[in-house]
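Trainee: For reference, the structure I am asking about is given below.
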Amino acid sequence: MKLIYSAVFLLLIGCNQHENADDEIDRAIAEFSSKNSYVGLAISAVKGERTIASRQYGFADKALGLPFSQSSLISLGSNAKTVIAAAILLLEERGLLKTTDTIQQHFPFELKHFEQVTVEDLLCHTSGIPDVFNEEQFQNYQWQKSVSQKEFVDKLNEKPVVIQSGTRYSYNNTGFFLLGMVIEHLSNQPIGDFLREKIFPQANDPNLYYLGDSFYQPALVTAYEQGIFGSAVYEDPVEYRVVGGAGALGGNLTSYIKLFRAIFSGKVLTTASLNKMTTPCRYKNKDIVRNDQGQQVGLGIEITQLGGQLAFTRGGALNGYVSTIYHIPSSDTTYGITGNTWSPLAPLLEEVILIQKAE
């Protein structure tokens with residue numbers, strides 16, 4: 001077994017057959033880390049019930065020399081959107097809402113200007129509502145300092161819809177913040193309690209957290225950002241209670257992969273609900289919704305092709321922590337990457353996957 005740059009690669013076929021791919025992956029990660037002043041990251045692949053690959057590089061805390069690993073806890077950011085979508089579909093299974101309902105039908109406060117916006121519009125990023133998290137749209141408002149959900153909604157109500165709902169894609173964090181409030185309203189419990197009772201147990205891993213409440217705050221590894229002289233400790237992190245359903249998810253690489261495998265394997269949702277989640281959204285004119293990268297948009301996920309195979313993907317970036325996941329249903333293989341430095345990891349994970357597939 002090879003040991004390169006604090007990397008551990010679990011090989012199931014034999015070291016000699018994988019040696020060239022190993023070296024190529026190590027070079028790709030070394031180049032990425034150097035270019036982006038990356039401090040720590042981990043990559044893993046799970047096929048069926050087996051971990052077929054696992055690598056880790058760098059530090060969870062550079063000053064203390066603590067290594068980054070599969071168990072390093074981070075914020076998983078916008079991966080929360082997949083979990084929120086699953087929670088909404090669970091409520092639909094119970095008959096408490098329909099995704100075709102307007103958001104106002106199930107919202108605890110009055111929403112002005114958004115009478116035609118549906119739950120599905122929010123899940124598909126086609127609602128057209130303004131995004132309070134977008135500082136260009138709300139230049140005089142520090143959303144990071146909001147004191148309550150009501151204040152956030154009042155600020156949202158100051159602006160009309162940006163575009164007609166169901167006609168154009170625009171990535172929107174506010175939509176999932178509102179969906180989190182819908183979950184609380186219809187379930188009659190805090191969103192963290194709902195996730196801890198109804199979704200997290202299906203992953204069978206204790207290291208999953210809703211970071212938006214004070215139930216239990218895990219100790220996350222140190223986060224970094226690029227500074228003038230390389231990486232520096234991340235400054236001014238956002239409170240997770242503020243982002244709510246848009247990004248207050250926490251875990252490590254192992255629990256991250258288990259959570260998404262639980263969702264995509266049908267442990268969380270019925271077959272009908274899972275098919276609904278993984279079917280591309282459509283505009284009112286019936287065209288498929290695509291994001292700015294050309295990927296098809298599902299409910300809380302993206303749908304794409306990787307190495308010629310259908311793949312479901314999602315990622316997160318918040319407070320210096322970054323993560324990306326790909327699930328390939330045809331081979332029942334899930335690839336994940338987590339890191340603690342403010343720089344996108346999706347391109348690196350895609351490169352590693354394609355290197356392995358080229359063997």
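The values are calculated or read from the model by the stated rules, or taken from the named source; none is laboratory data. In this text the structure is predicted, and so the values were computed from the model without any measurement. With ideal geometry, Cβ positions are generated from the backbone for all residues, glycine too; neighbour counts draw on all protein chains shown. Accessible surface is based on the protein model in full, side chains and every heavy atom, while ligands, DNA and RNA are left aside. Shrake-Rupley method; radii C 1.70, N 1.55, O 1.52, S 1.80 Å.
Trainee: Quick check on this structure: which one of SER146, SER165 is open to solvent by less than 30 Å² (accessible area, probe 1.4 Å) and within 24 Å of LEU89 (Cβ to Cβ)?
Mentor: Every option except SER165 fails the conditions.
Trainee: Still on this structure, please answer the following. Looking for whichever is assigned to a loop (DSSP other than H, G, I, E, B) and farther than 26 Å from TRP342 by Cα here; the options are THR126, THR222. Which one fits?
Mentor: Of the residues listed, the single one that is assigned to a loop (DSSP other than H, G, I, E, B) and farther than 26 Å from TRP342 by Cα is THR126.
Trainee: Got a sec? Which of ALA42, ALA60, ALA86 is crowded, with 22+ Cβ neighbours inside 10 Å, at pLDDT 95 or above and closer than 30 Å to ASP121 by Cα?
Mentor: None of the other options fit; the residue is ALA86.
Trainee: I want to confirm something. Restricting to the stretch 275-290 and keeping residues that are of a type outside the set (Val, Ile, Thr) and touching a residue at least 40 places away in the same chain (Cβ under 8 Å), which single residue is farthest from SER170 (Cα to Cα)?
Mentor: Going through the qualifying residues, I end up with LYS276.
Trainee: Does THR278 satisfy the criteria of being open to solvent by less than 60 Å² (accessible area, probe 1.4 Å), β-branched (Val, Ile, Thr) and touching a Pro at 6+ places or on another chain (Cβ under 9 Å)?
Mentor: So THR278 passes the test.
Trainee: How about the stretch 241-359: which strands (runs of 3 or more DSSP E) wholly inside it have at least 2 residues that are over 30 Å from GLN149 (Cβ atoms)?
Mentor: Answer list for the stretch 241-359: 302-306, 309-318, 321-328, 333-339.
Trainee: Turning to a different aspect of this structure: Just checking, how many residues over the stretch 181-219 are open to solvent by 50 Å² or more (accessible area, probe 1.4 Å), under 30 Å from THR341 (Cβ atoms) and not in a loop (DSSP other than H, G, I, E, B)?
Mentor: Of the residues in that region, 1 qualify.
Trainee: Does LEU97 satisfy the condition of being in contact with a helix residue (DSSP H, G or I) (Cβ under 9 Å, 6 or more places away or on another chain), outside any loop (DSSP other than H, G, I, E, B), aliphatic (A, V, I, L, M) and touching a residue at least 24 places away in the same chain (Cβ under 8 Å)?
Mentor: Against the criterion (in contact with a helix residue (DSSP H, G or I) (Cβ under 9 Å, 6 or more places away or on another chain), outside any loop (DSSP other than H, G, I, E, B), aliphatic (A, V, I, L, M) and touching a residue at least 24 places away in the same chain (Cβ under 8 Å)), LEU97 does not qualify.
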